[in-house]
Amino acid sequence: MQFMLLFSRQGKLRLQKWYVPLSDKERKKISRDLVQTILARKPKMCSFLEWRDLKIVYKRYASLYFCCAVEDQDNELITLEIIHRYVELLDKYFGSVCELDIIFNFEKAYFILDEFLLGGEAQETSKKNVLKAIEQADLLQEAIEQADLLQEVRLLTDP
Amino acid sequence: MPAPIRLRELIRTIRTARTQAEEREMIQKECAAIRSSFREEDNTYRCRNVAKLLYMHMLGYPAHFGQLECLKLIASQKFTDKRIGYLGAMLLLDERQDVHLLMTNCIKNDLNHSTQYVQGLALCTLGCMGSSEMCRDLAGEVEKLLKTSNSYLRKKAALCAVHVIRKVPELMEMFLPATKNLLSEKNHGVLHTSVVLLTEMCERSPDMLLHFRKLVPQLVRILKNLIMSGYSPEHDVSGISDPFLQVRILRLLRILGRSDDDSSEAMNDILAQVATNTETSKNVGNAILYETVLTIMDIKSESGLRVLAINILGRFLLNNDKNIRYVALTSLLKTVQTDHNAVQRHRSTIVDCLKDLDVSIKRRAMELSFALVNGNNIRGMMKELLYFLDSCDPEFKADCASGVFLAAEKYAPSKRWHIDTIMRVLTTAGSYVRDDSVPNLIQLITNSVEMHAYTVQRLYKALLDDISQQPLVQVSSWCIGEYGDLLVSGQCEEEEPIQDEVLDVLEGLLVSNLSTPVTRGYSLTAIMKLSTRFSSINRIKKVVSIYGSSIDVELQQRAVEYNALFKKYDHMRFNLHVLYDLVSLLFQANDLLDLLGGNDVVPVIQTTLPTKPASAGGELLDLLGDLSLSGRTTVNGLKIEFTFERANPNPNIAVITIHATNTTEADMTEFVFQAAVPKVITLGMSLSHRAPATPVAGRAQCALTKVARYSVSSGTLVRLASGLDVRCVKKQCGWLGCVSEDA
């Protein structure tokens, strides 16, 4: 996979994960053009298209478009399954995920993606394991934050 | 100083903005606050600030001033900081800026961190955006982690290694030892990423490929277990166990089995098993079948298996799911060359896909349809394809038209059918036809001698209906100029036009602003040619002289030269008629020499006029047959025969043999044979008689052999003898006659 974009029906980018080195300007241009191309497609059209020299696989879930650019030798149908797996992970994590969850917790969406894919390939095929890893990492974060809080309180209360 | 606002708070605030300007104002205010916070080197809130910056960056605002802050976060000891720091690095840093190298040391430390989640962050970042320099520095650490027993880290290290290899292929060797027991893992995550790593190595290095071929039995076993094992809740997707792993294994098998009989045989059974047992009701099953089909077609599988694969694709074509139909057409396109007959069986389904609403499906169906056309199905297929041409989007028309022409040329069941098909294309998609089709079509029409009357009549009628499609107009003009006599002579089935009507049409083309300059050139030349076929010479003279002062330089030049013909060499004009016919010969020479595409110009051979008094007018050439590559002309008793053939062994050389025979009783004197060619043609001549003064005795023959290498160029001129020379004008088959002195 070269990159994954999540965007709304109004064309607002909600997540962008790039696995190839491109400058900010290039990324912006690609995002803009590709988003427009996909939004222009009719609902009954197939999920695959050739765009520039890339294969694009996309699927709409409610108000969000999930769009991946894959290489020539990649299997488009399994990419659809990858997208679906990511949606399931988000759904399990946020509990019936909706676009607002992704907007307000975008950094979590990235963390989940980074536990599922690495360098554009799936690193873990078990839903359970991905969610477990995220849970543990979140707990670790929480523990640290609590420790910080405790530290602050101690500083305030210590003579 | 109050604490900077929280991330969620900021998001909420920004979303209340009602206009772009309002949003921009909020963002600018917050950015200013963040900037000053960064300047104060505030450790506590750096994480929060960078997170906010990342949000604003996603909205499209500049955030480069946060790059260094990300690095500071990465260097922090707190997990929370590192999480955001690495995320920021992946979003804001770019390997083309040197700043990113500052990360290297932090990543190195974190790869050896005591907490696996920190190590995970480092591996993920390196594997996502590591530059070549970073990869070189850190490859050793990655290799170490590839050998760890911690499966959480091992799977990440494997994918990180893939990235390292992509960036620095020379480092591949270093990961070889670590791959030793990768496939004995039970953990699916490690298995999956290991297969990806092995795939990458095998694709890049033939040595690695050879080395890893021995893994085929193991891979087959793993795949078998996945299929045969019962329900495994952890990896199940719609009743299939770990489809992601299955697909990757199939892909690796494809690479290992390619061009190797033993490996291909070892995987034969499992492929058949997957192909027959996989559940096809959901996308996930079809994804596995798709990969299986690709593998079967690529390795050295036995024919039964190949037929099975094509049949799976055939079933895919009937699937309701568009995506499945799409991949089926793509795959069939790849296999149509090698398994042509098997794909033919699904021809009618493929043709039905031409009517699909989806553009990508239509395009593939069109390409595949053309690939399937053969002598047996040409009539039926062409009907469908012409119907498609009529109704398809403009983006398809050029390719479809070209395809139709090619197919018609190869498999036309009859000349009439061929001409009709071309007519149909020109009239329905005439403006989309490629430029080089015009000369090709003219050549085709020329070669179909018995169809000339029919063709010119149909083309003339088409012109009456519509003069906007330039390729059609050009071909029609040429034909009318060439066969105008047939058009008005009553050889056609329907009511024939009279000369003046035809000239009206051609003149109409000259003045219409729908006509391009090229088209005007064609029509002027056609009018000129009709001066030898029609009787309304004065009218033609008038038209030609008007265009002698045309603004269009090409047109003007032609008109002037045609004018000259009328004025100075009127008596020769008829002989031009003969010469025009000779051009047809040379079109046939084109066939021989495989001048493809850009058929600009055809060299023209002229005939000689011996010094014996000429009788009025020339005689019509007798053009032999359709495809005989020879011709003869007899002008005033001098019979000249030409034959063309390809020289052995060099096919770029054409050998033209000219036999000149004096058929009269008297001697012919001053028979001169000359040949001049432009620079692009090299000419070698050998003559048995050369001396100009030598008379060609009555009834004597002289044989000349001329060798010429033809190339596509303009203005090619070959003069066989002094006298008239006819020059072909660039990129067109129309030409003008201009006369040179007698030698």
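Laboratory data are not the source of any read-out in this text; all were calculated from the coordinates shown. Values in this document were obtained by computation on a predicted structure and should not be read as measured data. Counting neighbours? That spans all protein chains shown, and the Cβs are built from the backbone with ideal geometry, glycine included.
Assuming R0 = 45 Å, what is the FRET efficiency of B:Glu9 and B:Lys282, from their Cβ-Cβ distance, to the nearest 0.05? Efficiency, from the Cβ-Cβ distance: 0.55. Around B:Leu92, with a cut-off of 10 angstrom between Cβ atoms, what is the net charge of the other residues, counting Lys and Arg +1 and Asp and Glu -1? Combined, the nearby Lys, Arg, Asp and Glu give -3. From its DSSP helices (H runs of at least four residues, each -39,500 (n - 2.57)), chain A gives a residue-normalised ellipticity at 222 nm of -17500 deg cm²/dmol. If only the Cβ of Lys and Arg carry +1 and only the Cβ of Asp and Glu carry -1, the dipole of the range B:64-128 around its Cα centre is close to 180 debye.
Using every alpha carbon pair in the range B:421-520, what percent of pairs falls into each 5 Å bin from 0 up to the bin containing the largest distance? All Cα pairs considered, the percentages come to 2, 14, 28, 25, 21, 9, 2. Can you give me the Cα centroid spacing of the range A:87-159 and the range B:427-491 in angstrom? Centre-to-centre (Cα) distance: 72 Å. Each 5 Å bin from zero up to the one holding the largest Cα-Cα distance in the range B:245-299 carries the following percent of pairs: 4, 23, 34, 23, 11, 5, 1.
In a DSSP loop and with at most 12 other Cβ atoms within 10 Å, the trypsin sites (Lys or Arg not before Pro) in the range B:181-285 are B:Lys186.
A Förster radius of 41 Å combined with the Cβ-Cβ distance from B:Lys568 to B:Ser431 puts the calculated FRET efficiency at roughly 0.50. Using Stokes-Einstein with the Kirkwood hydrodynamic radius over Cα pairs, what translational diffusion coefficient do you get for the range A:1-43 at 10 °C and a viscosity of 1.306 mPa s, in µm²/s rounded to a whole number? After rounding, the answer is 146 µm²/s.
One decimal place: the segment B:Arg424-B:Ala32 gains 134.3 nm when fully extended, by the rule 0.36 nm per residue minus the C-alpha distance.
If you add up the charges near B:Arg136, with Lys and Arg at +1 and Asp and Glu at -1, over every other residue whose beta carbon is less than 11 angstrom from its beta carbon, what do you get?
-2
Once the other residues with Cβ under 14 Å from the Cβ of B:Ile222 are scored (Lys, Arg +1; Asp, Glu -1), what is the net sum? Before the final figure, lay out each step's value.
Working: positive: B:Lys186, B:Arg221, B:Lys224, B:Arg248, B:Arg251; negative: B:Glu185, B:Asp242.
Net local charge, B:Ile222 excluded: +3.
Alpha carbon centre of the range A:27-65 versus the range B:136-186: separation in Å? With the range A:27-65 and the range B:136-186 each reduced to a Cα centre, they are spaced 34 Å.
Relative to its Kirkwood radius, the Cα radius of gyration of the range B:199-338 gives an Rg/Rh of 0.96.
Ranked by how many other Cβ atoms sit within 10 Å of their own Cβ, fewest first, the residues B:Met208, B:Met56 fall in the order B:Met208, B:Met56. In this Cβ point-charge picture (+1 for Lys and Arg, -1 for Asp and Glu), the range A:112-159 has a dipole of about 220 debye about its Cα centre.
Rg to Rh ratio, the range B:86-212, alpha-carbon atoms and Kirkwood radius? Using Cα coordinates only, the ratio equals 0.96.
According to the calculation over all Cα-Cα pairs in the range B:6-108, the P(r) per 10 Å bin from zero is 15, 48, 29, 8, 0 %. Among the chymotrypsin sites (Phe, Trp or Tyr not before Pro) in the range B:282-326, which ones are in a DSSP loop with at most 14 other Cβ atoms within 10 Å of the Cβ? Mind listing them? Nothing satisfies the criteria.
Each label point was placed 7 Å from the Cα along the Cα-to-Cβ direction; for B:Ser132 and B:Leu59 their separation is 3.9 nm. Just check the range B:271-353 against the gyration tensor rule for me: Cα atoms, a ≥ b ≥ c as the square roots of the eigenvalues, rounded for a/c under 1.5, and otherwise prolate or oblate depending on whether a/b exceeds b/c. Verdict is oblate for the range B:271-353. Solvent-free Debye calculation, one equal scatterer per alpha-carbon of chain A: log10 I(q)/I(0) at 0.10 Å⁻¹ equals -0.42. Counting other Cβ atoms within 10 Å, keep those with at most 10, restrict to DSSP loop, and tell me which trypsin sites (Lys or Arg not before Pro) in the range A:51-159 are left. For trypsin sites (Lys or Arg not before Pro) across the range A:51-159 that sit outside H, G, I, E and B with at most 10 neighbouring Cβ atoms in 10 Å, the list reads A:Arg52. Kirkwood radius, the range B:166-276, all distinct C-alpha pairs, inverse of mean reciprocal distance: 14.6 Å. Cα centroids of the range B:82-114 and the range B:362-426: 57 Å apart.
Calculate log10 I(q)/I(0) of the range B:529-568 for q = 0.16, 0.28 Å⁻¹, where I(q) comes from the Debye formula with a single equal point scatterer on each Cα and nothing for solvent. Result of the Debye calculation: -0.35, -0.92. Relative contact order of the range B:302-444: 17 percent, from C-alpha pairs under 8 Å at least 6 residues apart in sequence. Using alpha-carbon pairs under 8 Å, 6+ residues apart, how would you state the relative contact order of the range B:60-203 in percent? For the range B:60-203, the relative contact order is 17 percent.
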